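Q: Let me give you the structure first, and then I'll get to my questions.
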Ligand SMILES: NC(=O)c1ccc[n+]([C@@H]2O[C@H](COP(=O)([O-])OP(=O)(O)OC[C@H]3O[C@@H](n4cnc5c(N)ncnc54)[C@H](OP(=O)(O)O)[C@@H]3O)[C@@H](O)[C@H]2O)c1
């Protein structure tokens, strides 16, 4: 375990130098890891575990050809290491509960009856446990309940692993029945390819995660981009100009600089005209959105956001509905401008 000090706050983190992959393999050598759900997280985590030599089986509804088909394409074999959800839950000693959060609520009664003395139930989100009054997910006392939550999309859990880097993950232990909960958690965190692991609680993870994705990472990001793009269009700027000034410059130039060396460094690499204006306007934007963030956090903690997710994503046609809204977004002039602008990137033009 290493200690890092950030502004006077000391945090403990775990890397694969401290908890090696060999140690993870040793901890997990007699376990059967049942990954329930072959969605984006299930797929990424299962493949990374498998490539790291861990004994993995998949539990996936066969009726849904998409995810089952992905598991087949990835080399999992029915009745060998690919099973219906309940069969896999019965066989696993560590159950990675990676159905969608609404799916976890629906499948819980069926999964719960297969949890045996000494098993571990693993989550990648605090959602089902923290909002137990809404989800009904109340684990029995005779198991460990643990979490490793990658701080990235499932797709990058896999792609970063293949590229030799990783996604940082938080981890938490909700219930330690066996006395082995911590080593099981850390072993899984390392074996799924986490860059480093940092401790959290189920509450803190779900509150920060629901806020982050509704806020800066996705909701706020798309919202402020739309506001600026359509402001420029209202003032008769061309789609190319509005898109380049709102999205393309950010994704192709500036955000990479923030990732490399921080916001101040990105600012320092822009003109002093830009620096002066950005330093003034960041405070205006911060103060304008702060009340919206207050409301968001309150709605997350109170469970209002949870209820919306459970209601919407439990509907039989939830996927079609989400798809329809994503398709409406795709068809907005702004994102169509993005299609055109991306096709003009030099590497795309060379391929034509
Ligand atoms: N996506 C991310 O980037 C990400 C990042 C960090 C943490 N997480 C967490 O990881 C977990 C899995 O998320 P995900 O995004 O991978 O989920 P997802 O892609 O939405 O998961 C879909 C999976 O859930 C199954 N499912 C849904 N409803 C079901 C039901 N009623 N019964 C049985 N199976 C059902 C689907 O199978 P069917 O086709 O049979 O419905 C599929 O296997 C969640 O707790 C999520 O919060 C996700």
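Q: Taking just the C-alpha trace of the chain, give me its Rg and Dmax in Å.
A: Rg and Dmax of the chain, Cα atoms, are 22.3, 67 Å.
Q: Compute the long axis of helix 181-191 from its Cα atoms, compare it with the longest principal axis of the Cα atoms of the chain, and write down the angle in degrees, 0 to 90, nearest 10.
A: Compared with the principal axis, the helix lies near 50 degrees.
Q: Alpha carbon centre of the range 313-327 versus the range 47-100: separation in Å?
A: What the calculation gives is 24 Å, centre to centre.
Q: Between Rg and the Kirkwood Rh of the range 215-351, both from Cα atoms, what is the Rg to Rh ratio?
A: That ratio equals 1.02.
Q: For all pairs of alpha-carbon atoms in the range 2-199, what percent lies in each bin of width 5 Å, listed from the first bin to the last filled one?
A: 1, 8, 17, 21, 21, 16, 9, 3, 1, 1, 0
Q: Roughly what angle does helix 333-343 make with the longest principal axis of the chain, taking Cα atoms, 0 to 90 degrees, to the nearest 10?
A: Once rounded, the angle reads 90 degrees.
Q: Using alpha carbons only, how many degrees (0 to 90, rounded to 10) separate the axis of helix 318-330 from the longest principal axis of the chain?
A: Relative to the chain, helix 318-330 is tipped by roughly 20 degrees.
Q: Can I ask one more? Let me have the relative contact order for the chain, percent, based on Cα pairs under 8 Å that are six or more residues apart.
A: Computed over the chain, the figure is 15 percent.
Q: For the chain, what is the mean residue ellipticity at 222 nm derived from helices alone (per DSSP H run of n ≥ 4: -39500 (n - 2.57); sum divided by total residues; nearest 500 deg cm²/dmol)?
A: Estimated from H runs of four or more residues: -16500 deg cm²/dmol.
Q: Can you give me the Cα centroid spacing of the range 154-221 and the range 238-286 in angstrom?
A: When both Cα centres are located, 29 Å separates them.
Q: Sticking with this one: Restricting to the chain, compute how many DSSP beta bridges are antiparallel as a %, nearest 5.
A: 35 percent
Q: Rank the residues 16, 343, 314 as a footprinting-exposure proxy: fewest other Cβ atoms within 10 Å of their Cβ go first.
A: Fewest-to-most Cβ neighbours within 10 Å comes out as 343, 314, 16.
Q: Let me ask you something else. Give me the orientation-averaged projected area of the Cα convex hull of the range 286-352, in nm², one decimal.
A: Over all viewing directions, the range 286-352 projects a mean Cα-hull area of 7.8 nm².
Q: So for 13, 146, 308, fewest C-beta neighbours within 10 Å to most, what's the order?
A: 308, 13, 146
Read-outs throughout are calculated quantities, based only on the coordinates presented, and are distinct from any laboratory measurement. In this text, all values refer to a predicted model and were calculated from it rather than measured experimentally. Cβ atoms come from the backbone with ideal geometry, glycine included; neighbour counts cover every protein chain shown.
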